[in-house]
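Asks: First the structure, then my questions, so here it is.
None of the figures in this text is laboratory data; all of them are computed from the coordinates on show. Remember, it's a predicted structure, so these values are computed and weren't measured experimentally. All Cβ positions, glycine included, derive from the backbone under ideal geometry; neighbour counts span all protein chains shown.
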Amino acid sequence: MIPGGRDHLYVLGKVTVVPAPESSPPFRVDAVAVEDDTYSVLSADPGFHIPTEHAIRIWTEAHETTPAAPGSVSTRPGDPLKLLAVVHDLSLDPTWREEWVAGALQEILRYAGRLELSNLALPILGSVHGKLLPDRFVKILAYAVEQAALDSAIRVWLITPAGKRRQVEGALHGCSFE
């Protein structure tokens, strides 16, 4: 752990993790990961839009849509870039699996390396719309970092709910990757 003012920095290999609440970003990010499901229901725009396409075309498109694989990641353009991490299948109960979170974290790190991202915002995947415990997520993250073959350093803002910060910091403090 490296003290850093109001925030603490945790170094896991080439990844520096800064746990901080959503209301207090520690730095500007190039991309933000978003917890998503196989049909992108969770990341859909909640606003109402009047369709411009014919209803039959919309129905056909919806009918022919294939689900994304759990553990996969896709991108959505924007500033910052959105990394849609598929960690839920809404047809199952529970909707998430630890192995899907692990796969998505590995994919996120691959994207970060391939796109040369240096600053990334990451929620505690599996806990935004699921019940994955933050300390378990940290262990999965540490394993993903250990498995990643990163060429350059990445800073990760681990978006941490206020009531879970101590638990997350304790889990990060227990990781050893130096």
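Asks: Give me the Kirkwood hydrodynamic radius of the chain, using the inverse of the mean 1/r over all pairs of distinct Cα atoms, in Å to one decimal.
Replies: After inverting the pairwise mean of 1/r, the radius is 17.0 Å.
Asks: Going by how many other beta carbons lie within 10 Å of each one, how would you line up GLU107, GLU116, fewest first? Working shown, then result.
Replies: Values: GLU107 19, GLU116 10.
Going from sparsest to densest Cβ surroundings: GLU116, GLU107.
Asks: Still on this model: Among bridges DSSP assigns within the chain, what percent are antiparallel (round to 5)? Please report the intermediate quantities before stating the final value.
Replies: Details: 11 of 31 bridges.
For the chain, the DSSP antiparallel bridge percentage is about 35.
Asks: Tell me, in nm to one decimal, what length is gained between TYR143 and THR60 on full extension, where the rule is 0.36 nm per residue of separation less the Cα-Cα distance?
Replies: Values: separation 83, 0.36 × 83 = 29.88 nm, distance 4.11 nm.
Stretched out fully, the TYR143 to THR60 stretch lengthens by 25.8 nm.
Asks: Which log10 I(q)/I(0) values does segment 16-65 give at q = 0.16, 0.21, 0.31 Å⁻¹ under the Debye formula, counting every alpha carbon as one identical point scatterer?
Replies: Relative scattering, expressed as log10 I(q)/I(0), comes to -0.72, -0.94, -1.20.
Asks: More than 17 Å apart: what percent of Cα pairs in segment 11-106 qualify? Numbers along the way, then the final one.
Replies: On the way: 2931 of 4560 pairs.
Tail fraction, whole percent: 64.
Asks: Take segment 118-178, drop everything but the C-alpha atoms, weight them equally and run the Debye formula without solvent; then report log10 I(q)/I(0) at 0.12, 0.21, 0.24, 0.29 Å⁻¹ to two decimals.
Replies: Cα-only, vacuum Debye calculation for segment 118-178: -0.29, -0.89, -1.14, -1.43.
Asks: For the chain, modelled as a GNM with alpha-carbon contacts under 10 angstrom, which of PRO123, PRO46, PRO134 fluctuates the most?
Replies: Of PRO123, PRO46, PRO134, the Gaussian network model singles out PRO46 as fluctuating most.
Asks: What residue among THR60, THR75, THR16 has the largest mean-square fluctuation in a Gaussian network model of the chain, using Cα springs under 10 Å?
Replies: Judging by the Gaussian network model, the answer is THR60.
Asks: Could you work out which residue, out of ARG76, ARG97, ARG155, moves most in a Gaussian network model of the chain, that is, has the largest mean-square fluctuation with Cα springs under 10 Å?
Replies: Comparing ARG76, ARG97, ARG155 in the GNM, the peak value goes to ARG76.
Asks: Next question, about the same structure. Under 18 Å between alpha carbons, and skipping anything fewer than 8 positions from LYS131 in its own chain: which lysines qualify?
Replies: LYS139, LYS164
Asks: Set the Förster radius R0 to 25 Å, insert the Cβ-Cβ distance between THR52 and SER91 as r into 1/(1 + (r/R0)^6), and round the FRET efficiency to 0.05. Each step should come with its number before you reach the end.
Replies: Details: r = 30 Å, r/R0 = 1.19.
So the FRET efficiency works out to roughly 0.25.
Asks: Only counting other Cβ atoms within 10 Å, I'd like ARG165, ARG57 sorted with the fewest neighbours first.
Replies: On the way: ARG165 16, ARG57 10.
So the residues, fewest neighbours to most, are ARG57, ARG165.
Asks: Mind checking the dipole of the chain: about its Cα centre, +1 per Lys or Arg Cβ, -1 per Asp or Glu Cβ, Debye to the nearest 20?
Replies: On the way: 16 positive and 22 negative charges, 114 e Å.
About 540 debye.
Asks: Can you pull the Kirkwood radius for segment 57-119, inverse mean 1/r over Cα pairs, to one decimal in Å? Walk me through the numbers before you get to the answer.
Replies: Values: mean 1/r = 0.0760 Å⁻¹.
This gives a value of 13.2 Å.
Asks: What nm distance separates the two modelled labels at GLN167 and SER74, each placed 7 Å from Cα along Cα→Cβ?
Replies: About 3.1 nm separates the two model spin labels.
Asks: Roughly how compact is segment 73-166, stated as its Cα Rg over 2.2 N^0.38 Å to two decimals?
Replies: Numbers: Rg = 13.1 Å, N = 94, 2.2 N^0.38 = 12.4 Å.
That ratio works out to 1.06.
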